[in-house]
Amino acid sequence: MIETTNELKKEDKKDKLVLAIETSCDETAAAVVKNGRDVLSNIIYSQIKVHTVFGGVVPEIASRKHIEKINPVITAALQDAGVSLKDIDVMAVTYGPGLVGALLVGVAEAKAIAYAAGKPLVGVHHIEGHISANYIEHKDLEPPFLCLVASGGHSHLVMVEDYGSYRIIGRTRDDAAGEAFDKVARAIGLGYPGGPKVDRLAAEGDSSAITFPRARIADAPDDFSFSGLKSAVLNYLNQCQMKEIKVNKADVAASFQQAVIDVLTDHTIAAARRLGVSKVAIAGGVAANSSLRKQMQEAATKNHMTFYHPSPIYCTDNAAMIGVAGYYEYLKGSRDGWDLNAVPNLKIGQR
């Protein structure tokens with residue numbers, strides 16, 4: 001891995017096109033991004049239908065699908081952007097965290113293209129990509145700001161101190177928010193993927209019908225814990241079954257979702273107030289949840305903060321966000337060599 005600290009040269013101030021690849025889980029994605037803010041194309045091949053029959057992502061199947069689809073997806077991204085490979089200035093790719101086999105497909109492809117076309121290669125952290133998705137539709141957003149990252153594998157409160165500079169304020173101690181959504185969805189018979197299905201069903205239920213716990217960690221007020229909430233929902237369902245009480249699935253979904261949203265919102269706003277931050281953002285798959293977006297907006301407004309969020313298409317895994325993050329890493333002088341490898345447990349801010 002190569003790091004350069006030279007100041008940005010004059011030629012680097014010209015328009016830069018980034019070709020980005022994202023294959024960290026079960027979406028094969030490629031995008032062309034201009035100057036870190038303008039998305040010229042964003043192609044996503046989703047494997048949801050493939051994995052739904054298994055109730056979740058099967059890593060080996062995901063890797064094979066990536067191999068099958070990655071070349072057509074990249075070709076489509078270039079065509080939609082109206083550019084060719086010779087027009088591209090930077091090659092960016094997710095190299096962690098994620099499923100190691102899936103990551104390897106994207107990393108190998110990016111290295112091959114960068115080598116053959118003589119383009120600089122920049123590895124991108126998947127979560128930093130999610131955070132950077134906020135820059136796409138909010139041209140006025142600049143660091144510093146506080147970002148809640150909530151997805152199937154992560155629940156983080158991240159202080160974005162500068163482009164490419166991050167400090168973790170809080171993290172989950174056990175289950176991530178998205179993981180809890182998936183497990184509860186499975187328990188009430190909604191299937192995979194759980195997040196969108198719980199969100200839709202919750203709209204039909206009463207969020208105050210069932211009292212589920214809101215976990216607080218005494219010595220770490222910014223950290224999250226959703227394992228107890230998940231267990232409380234499972235215990236409620238088991239008790240209903242034992243007592244032969246009919247379960248109102250919509251009420252369960254709404255009450256569970258409200259418990260998650262209350263914790264995510266309260267932690268984010270409390271941390272922002274303590275840190276003196278006036279801008280808060282959300283990112284990750286759970287950030288597409290309609291109720292979370294509404295409650296975060298209301299809480300931010302009440303506390304005189306500006307709230308930012310990406311459109312749902314940029315909340316789930318996509319390559320546009322990787323192109324944005326890759327652009328700012330490139331401006332910092334980050335370059336990767338042909339030894340770039342997949343790092344499934346990559347920590348945020350680690351290069």
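The values are calculated or read from the model by the stated rules, or taken from the named source; none is laboratory data. Note that this is a predicted model, so its numbers are computed, not measured. In this analysis, Cβ positions are derived from the backbone assuming ideal geometry, glycine residues included, and neighbour counts consider all displayed protein chains.
Below are the figures for this structure:
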read-out: Selected residue (only one of Ala271, Ala325 is small (Gly, Ala, Ser), touching a helix residue (DSSP H, G or I) at 6+ places or on another chain (Cβ under 7 Å) and at pLDDT 95 or above); value: Ala325
read-out: Which listed residue, of Val58, Val83, is surrounded by fewer than 18 Cβ atoms within 10 Å (Cβ to Cβ), more than 30 Å from Phe307 (Cβ to Cβ) and touching a residue at least 12 places away in the same chain (Cβ under 8 Å); value: Val83
read-out: Hits in segment 29-62 (condition: farther than 25 Å from Asp80 by Cβ and of a type in the set (S, T, N, Q)); value: Thr52
read-out: Pairs with Cβ under 6 Å, 6+ apart, first in segment 316-332 and under 15 Å from Asp15 (Cα atoms), second polar (S, T, N, Q); value: Val324/Ser132
read-out: When residues of segment 216-233 are limited to those that are of a type outside the set (D, E, K, R) and over 23 Å from the mean Cα position of the chain (by Cα), the one nearest to Arg273 (Cα to Cα); value: Ala220
read-out: Where Glu137 falls short, out of the listed (1) buried (at least 18 other Cβ atoms within 10 Å of the Cβ); (2) at pLDDT 95 or above; value: (1)
read-out: Verdict on Val50 being touching a residue at least 24 places away in the same chain (Cβ under 8 Å) and surrounded by fewer than 19 Cβ atoms within 10 Å (Cβ to Cβ); value: yes
read-out: Residue list for segment 246-256, filter: crowded, with 22+ Cβ neighbours inside 10 Å and in contact (Cβ under 8 Å) with a residue 60 or more places away in the chain; value: Val252, Ala253, Phe256
read-out: Test result for Ser165, of a type in the set (S, T, N, Q), under 30 Å from Ser255 (Cα atoms), out of contact with any strand residue (DSSP E or B) (no Cβ under 8 Å at 6 or more places or on another chain) and assigned by TED's automatic domain parsing to the domain that holds Ile269; value: no
read-out: Residues satisfying the stated conditions in segment 271-303, i.e. assigned to a strand (DSSP E or B) and buried (at least 24 other Cβ atoms within 10 Å of the Cβ); value: Val280, Ala281, Ile282, Ala283
read-out: Boolean, Ala299 is out of contact with any strand residue (DSSP E or B) (no Cβ under 7 Å at 6 or more places or on another chain), of a type in the set (A, V, I, L, M), modelled with pLDDT of 95 or more and farther than 20 Å from Met159 by Cβ; value: no
read-out: Output for segment 169-204, where each listed residue is under 13 Å from His154 (Cβ atoms), touching a helix residue (DSSP H, G or I) at 6+ places or on another chain (Cβ under 7 Å) and surrounded by fewer than 19 Cβ atoms within 10 Å (Cβ to Cβ); value: Asp174
read-out: Count of segment 218-248 residues which are among the charged types (D, E, K, R) and touching a Ser or Thr at 6+ places or on another chain (Cβ under 8 Å); value: 1
read-out: Residue in segment 173-185 that is more than 15 Å from the chain's Cα centre (by Cα), under 12 Å from Ile282 (Cα atoms), assigned by TED's automatic domain parsing to the domain that holds Val286 and not charged (D, E, K, R) present; value: no
read-out: Residue check for Glu137: closer than 19 Å to Thr28 by Cα, touching a residue at least 40 places away in the same chain (Cβ under 8 Å) and acidic (Asp, Glu); value: no
read-out: Qualifying residue in segment 304-313 (condition: of a type outside the set (A, V, I, L, M, F, W, C) and assigned to a helix (DSSP H, G or I)); value: yes
read-out: Matching option when the condition is surrounded by 22 or more Cβ atoms within 10 Å (Cβ to Cβ), hydroxyl-bearing (Ser, Thr, Tyr) and either over 19 Å from the mean Cα position of the chain (by Cα) or closer than 18 Å to Val286 by Cβ (or both), among Ser151, Ser207; value: Ser151
